[in-house]
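The values are calculated or read from the model by the stated rules, or taken from the named source; none is laboratory data. On a predicted model such as this, the values are computed, not experimentally measured, just so you know. For the accessible areas, the whole protein counts, side chains as well, though only heavy atoms, and no ligand, DNA or RNA atoms are used. Shrake-Rupley method; radii C 1.70, N 1.55, O 1.52, S 1.80 Å.
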Amino acid sequence: MVKMGGNKWFSPIFMEKNSVTAVREIVTLLNKGEIQAAIAASRSLVNSNQDSAEAWLVYSEVLYTARTFGQASQAAGRAFSLSNTTNIKLNLTRCLASSGEIEEALTYARQLALEQNLNATNYSILSKVFTNAGQHQEALQTAKMAEKFEPNNSTFLYNLAMANRACGKIGNAINYLNKVISFNPKDWQAYKNRSDLKTWTDIDNNLIELKAILPSEEESPAGYVLISAAISKELEDIGSYDKAFMYLKEGAEARRNQIRYNVANDVSIMRSLSHYQDEAFLKDALAIDKDIPTPIFILGLPRSGSTLLEQIVGASPFVQAMGELPDLPQAIMGQVREKYAEHAIEKKRLPELSTKLDFEKIGLDYMGKISARGVKGGYFTDKLPMNFLNIGLIKKVLPQAKIIHIMREPLDACYAIYKNFFGNSHPYSYDFEELAAYYHAYSDLMKHWSNAMPKQALLEVSYENLVTEPEMICEQLFEKIGLHWDTKYLLIENSGIATNSASAAQVSKPIYLSSVGAWRRVKNQIEPLANLLDT
């Protein structure tokens with residue numbers, strides 16, 4: 001997570017523009033969280049000022065805030081066609097990166113990084129662009145430039161901490177988070193990230209500080225959840241498992257009360273995928289082009305070992321480790337929007353509509369995005385866990401792809417998810433009944449993929465086997481992929497492969513076994529979940 005700084009809803013790019021009455025009103029609407037009203041007001045602004053780059057700039061920023069990145073890019077492009085000032089170019093770059101137009105975004109970002117008139121906010125936004133594009137070293141360098149200009153800005157320090165984390169510089173990341181906290185004692189996310197970055201001990205922990213600043217749920221709902229999770233993590237590190245679970249459960253219950261979610265919708269979608277993407281659908285795939293790079297999809301539930309496996313596979317000189325890429329979901333949804341642009345598409349209809357897409361175009365779009373990220377040949381990894389939902393389309397549109405499903409024992413998998421606190425993603429993870437329902441649906445879907453696809457089309461790796469017998473498991477896996485195996489690939493602590501996932505701290509250490517059977521430490525407390533998983 002990278003922070004933008006400045007106004008809560010409105011990017012600092014536009015603070016110089018708020019002398020215009022209409023823009024002031026739009027900023028006010030955004031500050032109130034009235035996004036749809038802000039969109040309507042900014043649309044009215046551009047309708048009245050078709051040739052104004054500033055008006056299109058404001059419209060683009062509002063659309064960006066609303067996370068409609070494709071439309072934001074179009075509006076930003078219109079602004080850029082009218083004026084190519086640094087701010088307008090910077091906004092276009094950010095919109096392109098967020099909408100998946102990586103090649104253009106990186107081209108503009110690298111041009112901008114060479115300019116001499118950038119300020120701290122400009123560099124901070126460039127750092128976000130490079131992060132979105134998976135270019136973590138460039139993100140780190142631009143984050144350093146932001147800090148150079150404003151060394152006491154907590155937002156820029158936070159981004160610098162996250163860039164260091166992605167590059168494996170854990171000590172630096174902790175130091176910068178400590179600075180963030182000193183400047184902004186209510187940056188709850190900074191406390192949580194700091195707790196996640198290392199294994200704490202009886203004599204080296206932050207528990208006194210964390211318990212002292214734990215806000216009430218009424219005072220700060222987000223703070224209560226994040227600090228409860230941080231306390232739980234550090235208590236678990238020092239072996240105080242019962243107390244850790246108490247804070248974990250209280251934080252999870254609070255978070256669940258803050259969100260609207262119905263697990264039945266996700267379960268229904270997974271069942272629909274099994275229905276529509278059946279064996280008959282999967283039997284015909286595109287022809288294999290041997291001259292294009294080979295994706296290695298590493299997927300499954302979150303917290304199941306995908307980052308560990310990527311570190312091992314990515315250690316091969318023939319593989320580029322690319323991390324968690326949004327490119328396939330973006331390519332699929334881009335095709336859905338193009339084909340059904342005139343219709344409001346309900347999420348529950350996506351499994352049905354997915355069987356009627358232009359599969360060749362999805363594959364070309366995906367590989368184009370990959371090429372823009374710097375992959376030109378050989379193998380590369382794409383380890384977005386949630387691509388387990390897209391296995392049918394992977395088989396359909398990328399026949400050269402290798403698909404690896406990494407899985408954990410059910411209770412360990414669910415306990416690891418329950419402990420993580422994902423923010424706005426994985427809303428099923430805060431309640432035992434919803435977590436079990438989601439797990440059962442996931443398990444059924446994976447059985448469907450396995451049964452509907454040819455043998456060896458879906459490779460399966462057990463996390464437990466991977467960490468207990470890594471050499472044997474990996475040698476077999478590399479043979480199935482078609483790669484040469486070397487035992488030195490197991491030295492993940494020396495890999496230097498950047499990762500922006502929640503496992504960034506874990507992969508800086510040698511392979512360890514302590515997560516296997518971790519649920520047994522809180523056997524009594526987690527028994528209700530165990531019973532639900534057994535049903």
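Answer rounded, prolate or oblate for segment 391-496, using the Cα gyration tensor with square roots of eigenvalues a ≥ b ≥ c: rounded when a/c is under 1.5, else prolate when a/b is larger than b/c, else oblate. Taking the square roots of the gyration eigenvalues as a ≥ b ≥ c, segment 391-496 is oblate. In the full protein context, segment 44-201 carries 39 Å² of accessible surface per residue, based on a 1.4 Å probe and ignoring ligands, DNA and RNA.
When only Cα pairs below 8 angstrom with a gap of at least 6 residues are kept, the chain shows a relative contact order of 14 percent. Rg and Dmax of segment 131-188, both derived from C-alpha coordinates alone, stand at 10.7, 31 Å. Stretched out straight at 0.36 nm per residue, the stretch from S182 to S240 would grow longer than its current Cα-Cα span by 18.1 nm. Taking the protein heavy atoms of segment 147-265 in the context of the full set of protein chains, the accessible area attributed to carbon and sulfur is 49 percent at 1.4 Å. What segment 205-278 shows is 49 Å² of accessible area per residue, with the surface traced by a 1.4 Å probe over protein heavy atoms.
Pairs spanning more than 25 Å between alpha-carbon atoms, out of K243/K523; K211/K383; K198/K402: K211/K383; K198/K402. For the chain, the 222 nm mean residue ellipticity estimated from helices alone, with every DSSP H stretch of n ≥ 4 adding -39500 (n - 2.57) and the total spread over all residues, rounds to -17500 deg cm²/dmol. Scalar couplings 3J(HN,Hα) for segment 254-260, obtained by applying the Karplus form with A = 6.51, B = -1.76, C = 1.60 to θ = phi - 60°, are 5, 5, 4, 6, 8, 10, 9 Hz; x denotes Gly and Pro. The apolar share of the surface of segment 355-396, taken as the fraction of accessible area on carbon and sulfur atoms (1.4 Å probe, ligands and nucleic acids excluded), comes to 56 percent. Dividing the mean sequence gap of close Cα pairs (under 8 Å, 6+ apart) by how many residues segment 272-428 holds gives a relative contact order of 47 percent. Working note: Karplus 6.51/-1.76/1.60 with θ = phi - 60° gives segment 402-419 the couplings 9, 10, 10, 9, 9, 9, 10, 4, x, 6, 5, 4, 5, 5, 5, 5, 4, 7 Hz, where Gly and Pro are set to x. Averaged per residue, segment 327-464 has 40 square angstrom of accessible surface, using a 1.4 angstrom probe with ligands and nucleic acids left out.
Phi-derived couplings, Karplus 6.51 cos²θ - 1.76 cosθ + 1.60 at θ = phi - 60°, listed residue by residue for segment 290-301: 6, 8, 10, x, 9, x, 10, 7, 10, 9, x, 6 Hz, with x used for Gly and Pro.
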